[in-house]
Amino acid sequence: MFVKLAQFLNIMLYVLVAGVMWGTWLSLGRTMTSYDARTFLADGKHMISNLATIMAVLMISAAVAGLVVVVALFRRRSTVAGWLALVGLLLILAVIAVTLAVEVPIDNQIKTWTEATLPADWQDIRARWAAFHTLRTFLSLAAVAAAVGAALTTGVNASTRHPTVRQGAPQMADKPLHES
């Protein structure tokens, strides 16, 4: 029961991270490179203000939950699910890496800009942010897919591709499905 609850929490956290990424990409990221300076600064500063703290909490929580699930699945010898969960965790860690290495430094620059102090290359910086946001959006969606795949395959052993049998569990393999 612990593993299923951990997987549920893991999926929910990955979905929340991916949902924010997807919503931003869908509603803003694809068009923000055409914004004038005033609109870009207003929208950018609002987004940074609204999302910086909550996304830090969500991403760290998602990574921790992902790690718990990976460990729990491998301890149960649910190898297919464990490997899928590990892929999901690595994808979330990649999202965090892109966020910390590229997006946060750009956000920190944007927070200080005004229309009068925009650097000459602000449009290039904005395009860089948008490109890396697209990358992390699709990495986060892939993490959700991997976590869901792990949940759907929990109990499947990689070497046999059959459900893992727990000791003491009733066995139904020898009983026919239909009695004639």
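Points to keep in mind about this one:
- Hits in region 7-23 (condition: crowded, with 20+ Cβ neighbours inside 10 Å and in contact (Cβ under 8 Å) with a residue 60 or more places away in the chain): 7, 10, 11, 14, 17, 18, 21
- Complete set of residues in region 30-42 that are within 11 Å of residue 126 (Cβ to Cβ) and within 28 Å of the chain's Cα centre (by Cα): 32, 33, 34, 35, 40, 41
- Members of region 73-103 found to be buried (at least 20 other Cβ atoms within 10 Å of the Cβ) and in contact (Cβ under 8 Å) with a residue 60 or more places away in the chain, listed by number: 73, 78, 80, 81, 82, 84, 85, 88, 92, 95
- Among the residues making up region 104-121, those that are in contact with a Leu (Cβ under 9 Å, 6 or more places away or on another chain) and either more than 16 Å from residue 47 (Cβ to Cβ) or exposed (fewer than 14 other Cβ atoms within 10 Å of the Cβ) (or both) are 114, 115, 118.
- Candidates 67, 28, 51, filtered to the one that is free of Cβ contacts under 8 Å to residues at least 24 places away in the same chain and within 18 Å of residue 100 (Cβ to Cβ): 67
Computed from the coordinates by the stated procedures, all read-outs in this text should not be read as laboratory data. In this text the structure is predicted, and so the values were computed from the model without any measurement. With ideal geometry, Cβ positions are generated from the backbone for all residues, glycine too; neighbour counts draw on all protein chains shown.
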